[in-house]
Each structure stands twice: as structure tokens, then as C-alpha cells.
Amino acid sequence: MGIDVAILGYGAIGRSVHLLLAQHPQRVRVLGVLDRAALAKEGPKPPRRSAGPPEARVPVLDLPTAIKRADLVIECASPSAVRAHGPEIIAADTDLLVASLGALVDARLGAQLHAGPGRCHLSTGAIGGLDLIRAAAGTLEAIELETVKLPAALLHPGLSGAQREDIERAQATGSPVLVFSGSVSDAVAGFPSNINVAAALGLAAGDLSVVRVSITADPTATLTSHTITVRGETGNHRFKLRNFPDPANPASSALTARAIASGVLRLAGVGPHFI
Ligand SMILES: NC(=O)c1ccc[n+]([C@@H]2O[C@H](COP(=O)([O-])OP(=O)(O)OC[C@H]3O[C@@H](n4cnc5c(N)ncnc54)[C@H](O)[C@@H]3O)[C@@H](O)[C@H]2O)c1
């Protein structure tokens with residue numbers, strides 16, 4: 001009994017997921033990890049090296065090996081990793097758990113990942129309330145997401161000039177600056193690894209167009225906050241999440257790794273099963 005998994009993306013979240021799953025060896029066996037940084041060091045013929053902390057070391061795998069041996073690939077790498085490897089994983093009848101939900105804003109990729117024969121699961125990631133939004137899907141009028149993060153958590157090499165200037169202004173003045181306001185697709189295009197939460201809301205609602213997103217860079221923010229306001233036929237709902245950043249990457253919330261590990265344990269048969 002139990003499932004065999006491989007972890008795609010061995011950064012802040014991947015390492016935490018590995019440590020969390022290593023506590024359940026009877027239910028989940030972590031066969032290895034895939035990471036472009038580790039594979040680049042290894043050269044074209046991995047895996048010969050081990051990765052991870054001494055208490056839970058595992059081999060570095062290449063994708064064909066991972067697909068062949070694992071029941072489930074856990075993606076916690078980047079939206080580009082989902083685009084590059086997701087279809088191949090699903091087509092090989094291996095299941096995939098996606099954390100980089102921004103990739104699924106591309107409806108064509110989403111359809112490919114849900115076409116099977118492998119099954120594509122979506123992680124709840126850094127927020128809660130997706131069960132409620134899913135339940136109310138089709139009856140929702142509007143969802144508003146207000147995200148506030150440290151400026152450093154929003155900086156990345158692909159930023160537009162204007163957005164970079166806004167974030168740097170927040171850093172220089174010490175005051176919050178609104179750096180983005182718009183649709184889920186534009187939020188994900190501008191901040192691909194930072195605003196998966198926006199994609200999660202749109203995917204749960206079954207309609208990206210009901211979600212409006214604002215992102216504020218706040219140099220005084222001690223926590224990452226997501227305020228989610230939902231209006232629809234089931235009522236008005238408001239969630240306020242104040243997350244501790246992941247100690248290894250301020251752009252991610254510490255909750256994300258726990259959400260992924262919790263989801264994997266449920267797939268491995270560990271309850272209770274809230275559905
Ligand atoms: N759903 C959510 O709420 C949520 C929250 C936070 C982060 N995320 C997603 O999780 C991802 C990982 O977060 P993190 O904090 O661990 O980031 P990180 O930068 O610490 O680690 C990412 C790792 O993935 C590897 N990687 C990236 N693209 C790859 C590819 N194409 N192939 C192989 N390896 C690749 C990198 O080398 C790096 O080691 C983020 O990019 C984001 O998309 C989702």
C-alpha cells in the first residue's frame with residue numbers, strides 16, 4: 001500500500017515537501033527529484049547523485065525515469081515546467097499534482113492536462129476557501145483578490161520596466177505601492193511565479209473573467225496577505241489570509257508545501273477526506 005512519487009522542482013517548496021513526506025514512508029515513497037539546476041550540474045546522463053538533507057536523501061532523476069517509475073509527479077518548479085513536462089507526464093498515464101497553477105490560465109494546456117490518461121490534480125497552495133468557490137462555481141458574480149507582499153518577493157527578471165520601477169519605489173520610500181491591477185491572465189503574465197493564487201481562484205470558479213486582481217508591494221509587510229472577496233448567489237464571502245513567507249523563498253508562503261504534502265497524503269489514502 002502507498003504511492004511512489006517524484007518531485008519536480010527542488011527549491012524552497014520541493015525541499016519542504018520532501019521532508020514532510022519523508023515522515024510517512026509507509027504511505028509515500030519519494031523516489032527522487034527532478035530539477036533543472038541539479039540536472040545541469042549532472043550533465044545529460046543523470047541520475048547518479050543524491051539530493052536533499054542528510055535525513056532524507058534521494059536520487060536526482062531524469063523525466064523519463066520519473067514518469068516510468070512514479071505514480072505521481074509533484075510539480076513545485078514553475079509554470080514553464082508545467083508547460084514543458086506536464087503533457088508528457090499525463091500522456092504517459094502518470095498522475096501530476098500542479099502547484100504552479102498560473103500555467104493553467106492557458107486553456108489549451110489545461111485541456112491537455114485534463115485529457116488523461118494520467119490524472120491532473122491542482123494544489124490548493126497558499127490559500128483556503130477553494131472548496132467553497134468550487135461549490136459555488138457558475139453562480140459567482142465577482143471575486144476580488146488583493147495581494148500584499150514584500151517588494152523583494154515580487155521582483156523577478158521578467159518584470160516590465162514600469163512594474164520594476166513601482167516595486168523599487170516602494171523599497172526606496174518605505175511606503176506601499178500598488179504595482180498591478182487587472183485580470184488573472186495579465187497578473188500571471190506579469191508575475192508568473194508570484195500569483196498562482198489568482199489562477200487558483202479563477203480555476204475553482206470555472207471562469208477566470210470573474211476574478212480581479214490587485215498586487216501591492218509593501219516594504220512594511222511582515223506577512224504575505226491575500227484578501228479574497230466573493231459575491232454570488234450563495235452569499236457574500238470574505239477570506240483574509242496572512243501567511244508566513246517560506247524561510248527559503250519570500251515569494252512563496254510556508255503553507256504551500258504543507259498544502260502539497262497534505263494533498264499527496266490524501267491521494268495515498270490518509271484521511272480525513274474533506275470533499
Ligand atoms: N499554488 C500556490 O499557491 C503556489 C505558492 C507558491 C509557489 N507556487 C509555485 O511553486 C513554484 C516553486 O516555488 P519555490 O518557492 O519552491 O521556488 P524556488 O525558486 O525556491 O524553487 C524552484 C525550483 O524549481 C526548479 N525549476 C524551475 N523550473 C524548472 C523546470 N522547467 N524544470 C526543472 N526544474 C525547474 C528550479 O531550478 C528551482 O530549484 C513557484 O515557481 C510557483 O509557481 C505555487
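Nothing in this text is a laboratory measurement; each read-out follows from the coordinates by a stated rule. Since we're looking at a predicted model, the values are computed, not measured. Ideal geometry is used to build each Cβ from the backbone, glycine not excepted, and the neighbour counts take in all protein chains shown.
The figures follow:
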| quantity | calculated |
| --- | --- |
| Residue order, fewest to most beta carbons within 10 Å, for F239, F274, F180, F191 | F274, F239, F180, F191 |
| Förster radius 25 Å - calculated FRET efficiency between L223 and Q171, Cβ distance, rounded to 0.05 | 0.90 |
| Two-site label geometry, S183 and A107: point separation in nm, points 7 Å out along Cα→Cβ | 1.0 |
| Rounded, prolate or oblate (a/c below 1.5 giving rounded, otherwise prolate when a/b exceeds b/c) for region 127-255 by Cα gyration tensor | prolate |
| Nearest-0.05 FRET efficiency for R69 and A37, computed from C-beta distance (R0 25 Å) | 0.70 |
| Antiparallel DSSP beta bridges within the chain, percent to nearest 5 | 50 |
| H156 paired with D207, simple spin-label distance in nm, labels 7 Å along Cα-to-beta-carbon | 2.8 |
| Footprinting exposure proxy for E75, E141, E165, E146 (fewest neighbouring C-beta atoms within 10 Å first) | E141, E165, E146, E75 |
| Efficiency of FRET between F239 and E141 - r from beta-carbon atoms, R0 22 angstrom, step 0.05 | 0.85 |
